[in-house]
Amino acid sequence: MLPEQLIERCKERIKPYACEGFVYGKGPRHPILMFVGEAPGETEIENGIPFSGRAGKEFNHFLDHLGVTREDIFITSAVRSRPYKWGQPRGKEKRKYNRTPNQKEIAAHAPILDAEIAYAEPKVIVPMGRIAYWRLLGENPRMEEVTGSFITSPIRELDDWDKNTYRITADTYTLFPIYHPAAILYRRRLETAMYEHLDRLKAYLAIEKKDKSP
């Protein structure tokens, strides 16, 4: 799907940082939805399947609620490697833990997401969580202020790899930001709002399906 030369360059760019492994984004061309997450976790790095860990189970519930399968959508993230930090719980061995990617790590893999969006040409981009939202729109609002609403806007694409700067695309896109599935795991109070938002997205999908029917 993407040039292997591009993938290798992005892998080289992220080598200076505490990140490991690589997981490819997956999905068809012209999907009705492209989900953009933050970065793979330990499980995803081991099996190469996006959203297959604990948050992935919650993500699967999202898809079931929407009435779509993984074959219908494109799944990717701002960073394709796992950012980690070392920790040592009391009485246990030192081990790696997931962490939020920093701006330099996001920029290192930015050309991948740019290329995936250009390739897939998704009907709707669904940024999940604040990292994906910031990567695409360059803003960092409280997620409850932006989730569950359709946004029509240009997005950001990498401009200068050495300076980690972005430019605004000439094209506009339809985005529908939602909470990251992991947020539901740690804050169950968000679940009601999350599924209300998914209902809005489901209604949109129903209209799209109806418009395409003969």
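Suppose every K and R has +1 on its Cβ and every D and E has -1 on its Cβ; what is the size of the dipole of the range 63-214 about the Cα centre, in Debye to the nearest 20?
Charge dipole of the range 63-214: 1040 debye, to the nearest 20.
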Of the candidates T165, G21, P154, the farthest towards the positive dipole end of the chain (Lys/Arg Cβ +1, Asp/Glu Cβ -1, centred on the Cα centre) is G21
Can you tell me the length gained on complete extension of the stretch I207 to K92, counting 0.36 nm per residue apart and subtracting the Cα distance? 36.1 nm
Residue separation times 0.36 nm, minus the C-alpha to C-alpha distance between N60 and R142: what's the value? 27.1 nm
Go through [x] 118; [y] 103; [z] 133 and flag the label whose value is the computed volume of the Cα convex hull per residue in Å³ for this structure. [z]
Express in whole angstrom the spacing between the alpha-carbon centres of the range 154-180 and the range 25-86. 19
Residue separation times 0.36 nm, minus the C-alpha to C-alpha distance between S153 and I168: what's the value? 4.4 nm
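FYI, it's all coordinate maths here, none of it is from the lab. On a predicted model such as this, the values are computed, not experimentally measured, just so you know. Note: ideal-geometry Cβ built from the backbone for every residue, glycine included; neighbour counts use all protein chains shown.
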